[in-house]
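Structure first, commentary second.
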DNA sequence: GTGTAATCGAGACGGTACGTCGAGTCTTGTG
DNA sequence: CACAAGACTCGACGTACCGTCTCGATTACAC
C-alpha cells in the first residue's frame, strides 16, 4: 500500500478494466525521477515538466495519477522515508527499543536531504487542509502510531507510569528530530536521537517528580 | 533593531544622508500590510502586489528595501513573534522561569496563525542558504539564545548538572513546539508548554539516572 | 503567406506534427484584437496584456508565437495594409496604372489611423536591426517591389527613358506618402496621390531636361 | 531662440528674478549629454537617469525645464539639426538654390544617425497632439517654410508656373529625404538630394504637360 | 480480425505571480 | 529660489510554472 495507490477502488472481482492498462514503466519512471529530483532540489525547486522529461513521460500522465506535485512527492518519497523495521521487542529496555526504531530512520535522513522536501510539504499543507491530512497520514502518523504502540505496551507492562501522556511523549520524541531536520541548525545523527530518547524516557518515569 | 534595519552602516557622526530620506510612512504601511496578510494567508498565499496595494506603496519600493517576499515577512512579523519579556528570575524554580518566558510566546502563537508563515519561511530557507541564515538568526536563534542563557545560569547555580547538554535541551524544548506549530496535529497551548518544560527538566536532572 | 507564418518549415509530406496543434482560434483572436487595438491607440498605446485579455488568450501564448509586440503588430496589420490589387495593365497611361495601384492603399490609410502604428514600427526598427529587416520586408518592400515591376516594364516598353533611376522613382512616389502619414501635417487623400504621380512621372520623362 | 527657451515670459523690465538663478552650466551639460546620448542610441534607448548622470545634473533639474524626454530631445538636437545657412540667392538656377539649402542638411544627416531620434519623436508625436505640434514647429516647419519662401519667390519671378502647388512641392522634396532617413533602405547622400531636386523641379515646370 | 476504450507522449493553452525597469514626481539638505 | 541626491508611485515588461486541454499513436479486452 502506498499513498498514491488506487487499488481497491473497483470491486474485488476479477473484472479487468477495459482499455489500455496503466503503464507500470511510466509509473515507476515518474516516481524514480520525482524521488531523485525532489531530494536534490526540494519541492519548489523542481518543476513538473522536469520530472516528466526525466521520466520520459508526459505531464498529462503525471496529473492523471497524482492530483498535484506535492501528492506525487509524498508518493515518490514514501517508501524510502518509511523504510525501516525491526520487530517490536519487549526483551530490551524501552530506550533501546525506541532507538532500534528511530535510528534507521535518522540514517535515511542523514543519507539524503529530506529536509528540503519535507519543508515544502509542510508549507503546502498549511494552504490545503485536504493535502495536510494526506501528508500527515502518510508521512507523520505512520511513525507516530508505531512509537505510540510501543509506549502503550510499555505502560501495560508497567515500564511506564499509567498516567503517561502518550501524545505528549510522541511530540517530545519527534519534535526535536523535525526541528533539526527543518531548521538545519545542527545535524540529525545517531547520538542526537539517543540523547533525545534517554532524556525523554527519564523525564516520563517520574510523573510527579 | 529589526531584521531589515540598515542603521549603523554610516559613521555615528551627525552627518545626514543626502537626497530624499526613506519614507517612514511607506515602511510602516508595508510592514503592517505584510503582517496582516501573511498571517491571514501564509507566505505563498500573498502576492507582493497585494501588499503594495494594501500599503498604498509601489512594488518597486518594496523590492528596493527587501530583497524578497520572505525577507519582508521576517521583518514584518519579527516584532510580534518576539514580543515577550519577563525579566530573568533566579528566585523561582527553573520550570517556572522557563514557563514565564515561553507562555507569552505560545499565547501569540495561539492568537495568530503563525504556522502558515513559519512553514513558508522554513521552505524558502531550504532553497536559499543565505536566507536560511537570516531566518534562523532573527526568528529562531533569538529565542534559543535567551533560553540558553537561562539554562547556563542555572548550571552555574547548581540547579542543573554541570554536564547538561544545552543545545540538546534547547532542541527538546523548542522542537515539540515547532512540531505542533508546523504539523498542526494538536494545539500549541499553555498546558502543552508546561508539560514539555516539566518533562524535559526532569529528564535533564539525572544525567546518569 | 503572412509575416508570422511558420508553414513550409517541415517537409511537404503529410507527416502531421505531434502534440496538441496550435489553436487557430487563439491565433485569429490575437491578430484581430491586435489589429483593432493597434489601430486605435498605436503601438505604444497598447499593452500585451490588453491584447491577451481582449483575445481571451494568455500573454504566454502571444510570446510563444511572436517574439515581440512589434512583430505581432506587423502580422496583425499586414493583410489590411497590403489589401489591394488591380491587375497590371499596359493599356492605360503610366500615371493611371500607378494611381490604380496606389489609390486603394491610400483609401485604407484614410479609413484607418495607420500613422500611429507605422510610426511606432519605424521607431522600433531603429533600435533593432533584425526587426528593421522584418518590417521593411513585409511592410515596405512589398509595395515598392510591385511599383518597381511596373516601372521596369514601362522602361522596357519605352514609356520611360532607359536611364530611369527606378529606386529614386520609388522614393519620390512613396516618400511623400509616408511623409504625410507620419508627420500628419496634411491629409493623405486621392488628389494628393494623383498629384504626386503626375509630377513625378513628368519629372522622370526628360532626364536631361 | 531655441525650442526650450523660456525667455520673454517675464516682463521686459530689468526686474531680476529672485532666488538662485538658473545654472547655465547645468543647462549646457544636460543638452550636451542629451545630444550625445540620443544620437547614439535613439529616443527610447536612453533613460533620463543616464542623461542626468552624464550631465552631473539631477533628474529634477531636467524636468524643471523640459516637460518630457522628447521635449528635451528636440531642444538638444535642434541646433545641430537646423545648422545650415546659405543666403537666398536669385542669381543661380532654382535647382542650385535648393541644393544649396538642402545639401548642408543632408551632410548633417550623414554625419550623425539622426534617424534613430527622429523616428522616436515621430512615434511620440502620434500619441501626444501637443507634442506633435511642438515637434513639427521646430523640426519640420522651419525647413519647409524656408524652402516654401524660395519657391514662392521663384513663382513671383516667373521661374515656376503661377499654378504651382507649393505644399505639394515641399512634400515631394522633403518626403523622399525622410523616407530614407526613417526607413534606412538606402543612404541619404548628396547625389540623392540632387536627383530629387532635379526631378521634382522638372516635374513642376509643366503643370499641364 | 475488428472494434472500443482507456492509455501514452507531445506540446499548446489560460492563468497567475514574479522581479525588473523606466517615466515623471516629490522631499530632503545645501548653495 | 535652484540644485544634487535619491526615494517615491505607477504601470508595463517578458519569464516561469501550474494544471488543463487536445492531438495522433498505442495497447489491451470484447466481440
Report summary line: Taking Cα atoms, the helix D:190-205 axis meets the longest principal axis of chain D at an angle in degrees (rounded to 10) of 50
Report task. For the stretch B:110-209, just the Cα set please: Rg and Dmax, both in angstrom. Result -> 15.3, 43
Query raised in the report: Using the 10 angstrom Cβ neighbour count as an exposure proxy, how do D:70, A:91 rank, fewest first?
Result: A:91, D:70
Report summary line: Helix-only [θ] at 222 nm, the protein assembly as shown, -39500 (n - 2.57) per DSSP H run of 4+, per residue, nearest 500, equals -21000 deg cm²/dmol
Query raised in the report: What translational diffusion coefficient, in µm²/s and rounded to a whole number, does the Stokes-Einstein relation yield for chain B at 10 °C and a viscosity of 1.306 mPa s, taking the hydrodynamic radius as the Kirkwood radius over Cα pairs?
Result: 83
Query raised in the report: Anyone know which of A:52, A:29, A:162 comes out most mobile in the 10 Å Cα GNM of chain A?
Result: A:162
Report task. Using only Cα atoms, figure out Rg for the protein assembly as shown and give it as a multiple of 2.2 N^0.38 Å. Result -> 1.41
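Taking neighbour counts of Cβ atoms within 10 Å as a proxy for exposure, in what order, fewest first, do A:199, D:164 appear? Write out the running numbers ahead of the final one.
Details: A:199 27, D:164 16.
Fewest-to-most ranking of A:199, D:164: D:164, A:199.
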Report summary line: In degrees rounded to 10, the 0-90 angle between helix C:69-82 Cα long axis and the longest Cα principal axis of chain C is 50
Query raised in the report: Highest GNM mean-square fluctuation, chain A, Cα pairs closer than 10 Å: which of A:96, A:126, A:35?
Result: A:126
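Calculate the mean, over all residues of peptide A:106-118, of how many other protein chain Cβ atoms lie within 10 angstrom of the residue's Cβ.
For this peptide, the per-residue mean of nearby foreign Cβ atoms is 1.
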Query raised in the report: Taking the alpha-carbon set of the stretch B:20-102, what are its Rg and Dmax in Å?
Result: 17.1, 54
Query - Highest-first arrangement of D:72-81, B:97-106, where packing means the average Cβ count within 10 Å - result: D:72-81, B:97-106
Requested in this report: Grab the residue from chain D whose Cβ hugs the D-to-B rotation axis most tightly, plus its distance in whole angstrom.
Outcome: D:60, 4
Query raised in the report: Per residue of C:122-135, how many C-beta atoms from partner chains lie within 10 Å of its own C-beta, taken as a mean?
Result: 5
Query raised in the report: Fewest to most neighbouring Cβ within 10 Å: what's the order for C:174, D:131, A:38?
Result: D:131, C:174, A:38
Report summary line: So the angle from the long Cα axis of helix A:142-157 to the longest Cα principal axis of chain A, reported in degrees to the nearest 10, equals 30
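Read-outs: derived from the displayed coordinates by stated rules, not from any lab. This is a predicted model, so every value here is computed, not measured. Every residue, glycine as well, gets a Cβ built from its backbone with ideal geometry; the counts of neighbours run over all protein chains shown.
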